[in-house]
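A quick write-up on the structure given underneath.
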Amino acid sequence: MSGYEWILVDDPAPCVRRITLNRPEKRNAMTNGLRGEVFDALAQADLDDSVRVSIIRGAGKCFCAGYDIGGERGDPTYQTAGGMAYWPRHVVEGWFRVWDLAKPVIAQVHGYCLAGGTELATSCDLVYVAEDAEIGYPVVREFGSPDMQYHPWLMGMRNAMEAMLTGDAMSGTEAVEKGFANRAFPLKDLDERVLEMAERVAKVPTDLQQMNKRLVHNAMEVMGMRAAIRAGTDLQALSMMTETSRGFQDRLKESVTGALQKRDEKFGDYRTKEKREAGE
């Protein structure tokens with residue numbers, strides 16, 4: 001399938017649609033354009049009677065390193081109310097569009113799955129990860145609070161609190177233990193095992209499957225998940241006005257790489273870990 005600039009779309013098995021984020025040179029960092037293409041491809045799959053389940057994965061070394069804070073985001077993919085908290089409100093509404101699709105969506109995660117990348121995975125119904133994936137929200141260290149505060153809903157209060165107060169990454173194995181993901185597989189087996197799971201999901205017809213999916217989502221919403229995440233967008237906007245965040249934003253204007261390096265070097269992880277292991 002063609003017609004997209006930043007994603008690849010194929011049908012690797014009967015009833016299975018697969019979407020590949022295709023900005024490997026940018027670690028599949030998301031712009032509005034890329035997100036818009038993902039939403040469009042998922043919507044097309046939802047309307048296609050030959051498709052029962054979709055997979056989202058990333059090309060290259062990782063799933064998605066988050067939003068592209070160093071590049072042009074592009075025009076919004078859809079209209080939401082402007083003003084304060086526009087950005088988190090905008091992205092949260094997008095992720096709930098995935099949540100509200102009739103057909104199941106699977107996230108296939110390898111390498112980095114950071115910040116906005118974790119939000120994309122969270123919006124999916126099933127999450128399968130490589131055992132050595134690195135999954136986290138380092139933005140909380142200096143930039144601001146998460147746009148989509150899924151952490152307590154998926155991981156429980158204690159695990160959520162540790163993630164929010166450190167910005168540390170989980171391995172794929174830890175992500176399963178903490179409730180973020182369903183299962184972890186060796187990286188070399190990930191494509192095959194995720195496709196196997198997608199084919200199992202596709203054995204159940206869509207007319208019943210969409211009811212099964214909504215039953216789980218309705219239970220989460222009765223407990224307040226959607227309302228709480230939407231309410232959190234205002235706190236996210238306020239966090240961007242703190243002295244710490246404003247200082248970080250100034251450093252981003254000077255050098256994105258330098259700002260991220262300075263943020264993480266005291267923790268010794270993410271890009272600073274890569275440089276250390278490379279002997280730089």
Study note, to complete from the structure: The condition from (1) within 19 Å of V98 (Cα to Cα); (2) of a type in the set (G, A, S); (3) over 13 Å from the mean Cα position of the chain (by Cα) that G58 misses is numbered (3)
Check your understanding: Taking helices (runs of 4 or more DSSP H) that fall entirely within the stretch 177-280, which contain at least 2 residues that are touching a Cys at 6+ places or on another chain (Cβ under 7 Å), more than 30 Å from E131 (Cβ to Cβ) and among the small types (G, A, S)?
Key -> none
Review point. Failed condition for R230, given (1) among the basic types (K, R); (2) farther than 18 Å from S145 by Cβ; (3) in the same structural domain as M155 (by TED's automatic domain parsing), with all others met?
Key: (2)
Review point. Is the stretch 52-71 home to any residue that is within 29 Å of K188 (Cα to Cα) and among the aromatic types (F, W, Y)?
Key: yes
Practice item. Filter the stretch 46-97 down to the residues that are β-branched (V, I, T) and free of Cβ contacts under 8 Å to residues at least 60 places away in the same chain, then identify the one that is surrounded by the fewest Cβ atoms within 10 Å (Cβ to Cβ). Key: T80
Check your understanding: Out of curiosity, is R251 surrounded by 13 or more Cβ atoms within 10 Å (Cβ to Cβ), farther than 20 Å from T122 by Cβ, without any contact (Cβ under 8 Å) to a residue 12 or more places away in the chain and outside the structural domain of A115 (by TED's automatic domain parsing)?
Key -> yes
Review point. Name the residues in the stretch 86-122 that are assigned to a helix (DSSP H, G or I), of a type outside the set (V, I, T) and under 18 Å from M170 (Cβ atoms), would you?
Key: G116, G117, E119, L120, A121
Review point. Does T173 qualify as being within 15 Å of the chain's Cα centre (by Cα), assigned by TED's automatic domain parsing to the domain that holds G94 and not in a strand (DSSP E or B)?
Key: no
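The values are calculated or read from the model by the stated rules, or taken from the named source; none is laboratory data. Source: prediction; values computed, not measured. Don't worry about glycine lacking a Cβ; one is built from the backbone with ideal geometry, like all the others, and counts go over all protein chains shown.
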